Amino acid sequence: MKDCMDSENLHRRIKKIIGQLNAIDRMIDEDIPCEQILMQVNASKSALHKVGHIIVEGHLEHCVKQAIEENDADEAIGDISSILEYYSRL
């Protein structure tokens with residue numbers, strides 16, 4: 001699975017999300033208005049959603065494509081089905 005992803009990009013994004021979450025935690029302690037905290041929560045959710053999108057895209061471009069090229073349609077369809085099931089829950 002690691003070959004399917006741009007690990008450096010994902011690590012960078014996740015570190016940024018961790019920073020956003022730490023900032024939200026500090027905002028709560030500093031009694032920042034709820035609207036501002038919610039804006040940061042939404043930004044963090046969007047960033048995490050983008051991480052998921054990048055993982056799905058990488059899996060489709062590499063793993064599913066490889067299954068198709070190897071004429072293993074059942075594996076490709078199974079992979080796509082699993083991706084849709086998991087990703088639709090987000």
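The values are calculated or read from the model by the stated rules, or taken from the named source; none is laboratory data. Bear in mind that the values here come from a model prediction, so they are computed numbers and not experimental data. Don't worry about glycine lacking a Cβ; one is built from the backbone with ideal geometry, like all the others, and counts go over all protein chains shown. For the accessible areas, the whole protein counts, side chains as well, though only heavy atoms, and no ligand, DNA or RNA atoms are used. Shrake-Rupley method; radii C 1.70, N 1.55, O 1.52, S 1.80 Å.
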- [ ] Count, please, the residues in segment 22-48 that happen to be under 30 Å from residue 79 (Cβ atoms) and either open to solvent by less than 90 Å² (accessible area, probe 1.4 Å) or not in a helix (DSSP H, G or I) (or both).
- [x] 3
Open item on the list: Among the numbered criteria (1) at pLDDT below 95; (2) open to solvent by less than 40 Å² (accessible area, probe 1.4 Å); (3) aliphatic (A, V, I, L, M), which one does residue 17 miss?
Closed with: (1)
Open item on the list: Against the condition basic (Lys, Arg), over 22 Å from residue 10 (Cβ atoms) and open to solvent by 100 Å² or more (accessible area, probe 1.4 Å), how does residue 89 come out, does it pass?
Closed with: no
